[in-house]
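K.L.:
Below you'll find the structure I mean.
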Amino acid sequence: MNKIIKLLVISLFLLVLVGCGSKEYKYEESNGKVTISEYAGSDAYVIVPDAYLGKMVDTIDYNTYAYNINIYHVRLSDGIKVIRDCAFWYCTSLESIYIPKGLEEIEECAFYRCDNLKYVFFEDSEANINIEILASNECFKNAQAQYDVSVEDYERIIGYKK
């Protein structure tokens, strides 16, 4: 009887863990690649997930975080390669974003009307940043860029406590 109760408790715990990660996001899979298509959370600090069901997330789709006024800080995970147009459309509270080395493309209006965006933190050095990423987004023109920033430094700067 004790073993059955332990198994039930462990199973329930695992279901809660799996459920917590999937309620806030919707994903789409195509050709072995995963795209985040919708976010329904309300966190002030959003860490974009790097995997879904064991597969790397490589794209943030159109309107995924659009109109979310709760988001103040965003940390992209290492696997993210593309941020589509309107992904963060009208996230008017957004103040900072952390961009890892692997990001290849931010489409033109991905951060449209993110008027409070003050800081863009890059994991990479200034010499290695694709200038097209910065030039294609109007909101980035008003933001201060900081380079060679680690995840730990970023979280310390924004005051994130685990």
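Every number here is computed from the coordinates shown, using simple stated rules; none is lab data. Keep in mind it's a predicted model, so treat the numbers as computed, not measured. When we count neighbours, we look across all protein chains shown, and the Cβ atoms used for this are built from the backbone with ideal geometry, even at glycine.
K.L.:
With a point put 7 Å past each Cα toward its Cβ, work out how far residue 81 is from residue 162 in nm, to one decimal.
P.N.:
Going from the residue 81 label point to the residue 162 one covers 2.9 nm.
K.L.:
In whole Å, largest first, what are the principal axis extents of the Cα atoms in region 25-157?
P.N.:
Here the spans come out as 35, 29, 28 Å, largest first.
K.L.:
Express in nm, to one decimal, how much length is gained between residue 152 and residue 92 on full extension, taking 0.36 nm for each residue of separation and deducting their alpha carbon distance.
P.N.:
Between residue 152 and residue 92, full extension yields 19.1 nm more.
K.L.:
Report the full-extension gain for the segment residue 67 to residue 33: residue separation times 0.36 nm, less the Cα-Cα distance, to one decimal in nm.
P.N.:
9.7 nm
K.L.:
What is the extension gain from residue 108 to residue 24, computed as 0.36 nm multiplied by their sequence separation minus the C-alpha to C-alpha distance, in nm to one decimal?
P.N.:
Net length gain for the segment: 27.7 nm.
K.L.:
What order do you get for 151-162, 32-43, 111-122 when each peptide is scored by the mean count of other beta carbon atoms within 10 Å, highest first?
P.N.:
111-122, 32-43, 151-162
K.L.:
Put a dot 7 Å past each Cα toward the Cβ at residue 50 and residue 124; how far apart are the dots in nm?
P.N.:
Label at residue 124, label at residue 50, 1.7 nm between them.
K.L.:
According to a simple spin-label model (label point 7 Å from Cα along Cα-to-Cβ), what is the distance in nm between residue 144 and residue 40?
P.N.:
So the label points at residue 40 and residue 144 sit 3.9 nm apart.
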